[in-house]
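Throughout, read-outs are computed from the coordinates displayed, never taken from laboratory work. Just so it is clear, the structure is predicted and the values come from calculations on it, not from any experiment. Neighbour counts are summed over all protein chains in view; Cβ atoms, including those assigned to glycine, are modelled from backbone coordinates with ideal geometry.
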Amino acid sequence: MATFPGSYVPINQHSNARVNAIIDNLLTPELMCFRQIPIYDETGTITSTGGTTWRLSYPNWNVAFNEMVYLNSQLVTPASVDHILGTVTLGAASNDGDNVNVTYNFDWFPAPKLAGFIYRVVDVINNSGEATSSTNYTINDAPANWDGVIADLTIALCMEHLLLCQNLWLGKLIFAIPNVMEDGGDITGSLETIKSNAEERANISLNNTKFKVPNSLAPPTGIYYAAVRGIGRTYTTSHGLRGGKLRGWQSNRYI
């Protein structure tokens, strides 16, 4: 599986080429620390009594990362790994007192989640702007100059999502920004700063009255042609010609 250079993050994971381009080129560089989060030696939870499948806390594991599974402190090869659900299945049923620890790497913002944010952002942009009317673009036909704004507003939604998760499960996302906690910083404040910076960049474009309506020139009118050519718009006694843009032209039944 192809990955972003120097990472475990997969690329080209969506069916829409425009969505892939925004995710891989604009979003992943900004969200890299959230898209390859390492978890070391987490204790799994057996899914049923005497079963063989163990569940870990987080789904959406990066396939390019080689998981390490330990059964009672012994490195083992699992019978199968479900990277989407975040489970490992061993070859034999568990015994009372068995412990399974797994080291894995997961993606908090997989392509389907980012794609959902992108679609939502396009609708927001369609209805934004005080000096312009609503539009009905989709991600397929939206102007190319929207990509940066789409990316920034998507990042803002990602940070909003993280803030919600941080509030619901306090401390569960500490590892997402390790340096903040090591330095005694405020993880919520850091997420809010990223969010506000992205929104500020996006608003610079959204507040531009020409963002959704490109520069254009109105076609010249007949009055303009008459004025610059010095000839009236109808037959005149002085020139004897039809004036204006269509001077000298006569229609017939074929036109």
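Side notes on the structure shown:
- Local electrostatic count, Ala64, Cβ distance below 14 Å [Lys/Arg +1, Asp/Glu -1]: -1
- Full extension of the segment from Ala17 to Glu30, taken as 0.36 nm per residue of separation minus the current Cα-Cα distance, would add 2.7 nm.
- For Ala156, net neighbour charge (Lys/Arg +1, Asp/Glu -1) across residues whose Cβ lies under 14 Å away: -3
- Local net charge near Ala198, Cβ-Cβ under 9 Å (Lys/Arg +1, Asp/Glu -1): -2
- Taking label points 7 Å from Cα along the Cα-to-Cβ direction, Ala93 and Asn203 give a separation of 6.1 nm.
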